[in-house]
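The values are calculated or read from the model by the stated rules, or taken from the named source; none is laboratory data. Quick caveat: nothing in here was measured; it's all calculated off a predicted structure. Here the Cβ positions follow ideal geometry from the backbone for every residue, glycine too, while neighbour counts run over all protein chains shown. When the accessible area is computed, the model is the full protein with side chains, heavy atoms only, and any ligands, DNA or RNA have been set aside. Shrake-Rupley method; radii C 1.70, N 1.55, O 1.52, S 1.80 Å.
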Amino acid sequence: MRHVGIRPKATFIVVLTALTSMVPAAAQLWPQRSVRIVVPIAAGSSPDVAARVFAQHLAARWGSTVVVENRPGADGVTGTISFATAHDDHALLFTGAAPISVYPLIEEKLPYNPARDVLPVSIAVETFGTISVPASFPIKSLSDLISFAHSRPGQLNWATGGGAFPILMAGFNKSAELDMSHVPYRDQNLALQDVAEGRIHVFATAMTAALPFVQAGKIRVLAVTNNRRSGMWPDVPTVAESGYPNIAFDGLLGVFASRDTPHDRRERIASDIQAIATEETVKSRLEANGQIIRGSTPAEFSAAIEDQRAKLSAIVRLIGNVPQ
């Protein structure tokens, strides 16, 4: 009697083995060593907080060490350049969309190609942008601020955190016809301290950075730049609700890969990030820092960045020169 099931099974095993052997080893096994996540902003910043949470969970999923490496300098440009020019296939960049949407607008020449050297992988979190004033000021809304500034032309100043915030605030000043002086800072923590003391009159930055000063009663948030209100501060309106939809901006933080990273690897990393984004412990931890956990495909992240780039380009055309 013939055993008809034996040979087909053996043939299937041989074929499967042959097909597997045709896949490059690098594609089968990644990571093959520890992975660096480069954060181009200082420790304690909004990107840094989120990056460390995701690094911990990615390490568990990959069974490999994942190290967060802060490379601050020049408002994030230094770390981005370091990442983009290293061409390290075991390094990822965790930051906002600035390498593609902001830096090309404010830097005359970049030593990397934004379209080729920094590849979007996945959105990780949405962080809220804030416009704040010292708590000692008699200002409760953007309309109050505008009236206050119009009654004191040339007497008020403003500063911001990095990324898109200088462009957004300059756009707000132009749209509201405000005569306020820009004060540049290298360290936004020093700027926030000056806001708390009333030396800086208006400040725009991520909620994560502003949160300790708000909780201490030192500064007051007038509006969030996002298209929706924060669950943490449901009574704080958006800039669009306050009459300035042209500066509405969702702060997206995510993961980027280096040039020539295979598309299937980017998809796999994105899938892992999306899976982590469903974990309640991760969600609650990041929400406590004013961030909304997200996850996306590379294509979705690319589309969101293009939308941001178009909006920021329109504001730059409006204001002329970008404050440094």
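For this structure, a couple of remarks:
- Antiparallel bridges, percent of DSSP beta bridges restricted to the chain (to nearest 5): 60
- Net charge dipole, the stretch 162-296: roughly 100 debye, given to the nearest 20, about the Cα centre with Cβ charges of +1 for Lys and Arg and -1 for Asp and Glu.
- Förster-model FRET efficiency, 45 Å R0, S181 and R285, C-beta, rounded to 0.05: 0.70
- 1.4 Å probe accessible area per residue over the stretch 216-324, in Å²: 47
- Environment charge of A74, counting only residues whose C-beta is closer than 15 Å and scoring Lys/Arg +1, Asp/Glu -1: -1
- Hypothetical label at Q32: residues of the stretch 252-271 whose amide nitrogen lies under 14 Å (7 Å Cα-Cβ projection): 262
- Comparing L145, L168, L93 in a Gaussian network model of the chain (Cα springs below 10 Å), the most mobile by mean-square fluctuation is L145.
- Selected from A159, V68, L211, residue furthest toward positive end of dipole (the chain; charges at beta carbon): V68
- Taking the charge dipole of the chain about its Cα centre, with +1 at Lys and Arg Cβ atoms and -1 at Asp and Glu Cβ atoms, the residue from I305, Y185, G320 reaching farthest to the positive side is I305.
- Taking N as its residue count, the alpha carbon Rg of the chain over 2.2 N^0.38 Å: 1.16
- Spin-label model, E108/Q274: points 7 Å from Cα along the beta carbon direction are separated by 4.4 nm.
- Shape analysis of the stretch 85-156 based on the Cα gyration tensor places the equivalent ellipsoid semi-axes at 39, 17, 9 Å, largest first.
- Reference-scaled alpha-carbon Rg (2.2 N^0.38 Å with N residues) for the stretch 184-273: 1.43
- Full extension of the segment from H263 to Q155, taken as 0.36 nm per residue of separation minus the current Cα-Cα distance, would add 33.6 nm.
- Sulfur and carbon atoms: percent of accessible area, the stretch 69-221 [1.4 Å]: 47
- Projecting the Cα atoms of A257, L105, N246 onto the dipole axis of the chain, where Lys and Arg carry +1 and Asp and Glu carry -1 at the beta carbon, places A257 farthest toward the positive end.
- Per residue, the solvent-accessible area of the stretch 17-169 (1.4 Å probe, heavy atoms of protein chains only, all protein chains present) comes to 40 Å².
- Charge dipole magnitude, Cβ of K and R +1, D and E -1 - the chain, Cα centre, debye nearest 20: 800
- Applying the Kirkwood pairwise sum to the alpha-carbon positions of the stretch 111-202 produces a hydrodynamic radius of 15.0 angstrom.
- With both labels modelled 7 Å from their Cα along Cα-to-Cβ, the A43 to A303 distance reads 3.9 nm.
- Sites N189 and S64 - FRET efficiency at Förster radius 56 Å, r taken between beta-carbons, to 0.05: 0.95
- For the stretch 164-315, a Kirkwood hydrodynamic radius built from all Cα pairs, placed in the Stokes-Einstein relation at 10 °C and 1.306 mPa s, yields a translational diffusion coefficient of 91 µm²/s.
- Among M207, M180, M169: highest mean-square fluctuation, GNM of the chain, C-alpha pairs under 10 Å: M180
- Highest-fluctuation residue, I292, I37, I106 considered, GNM on the chain with Cα pairs under 10 Å: I106
- Estimated dipole of the stretch 220-263 in Debye, rounded to 20 [Cβ of Lys and Arg +1, of Asp and Glu -1, Cα centre]: 60
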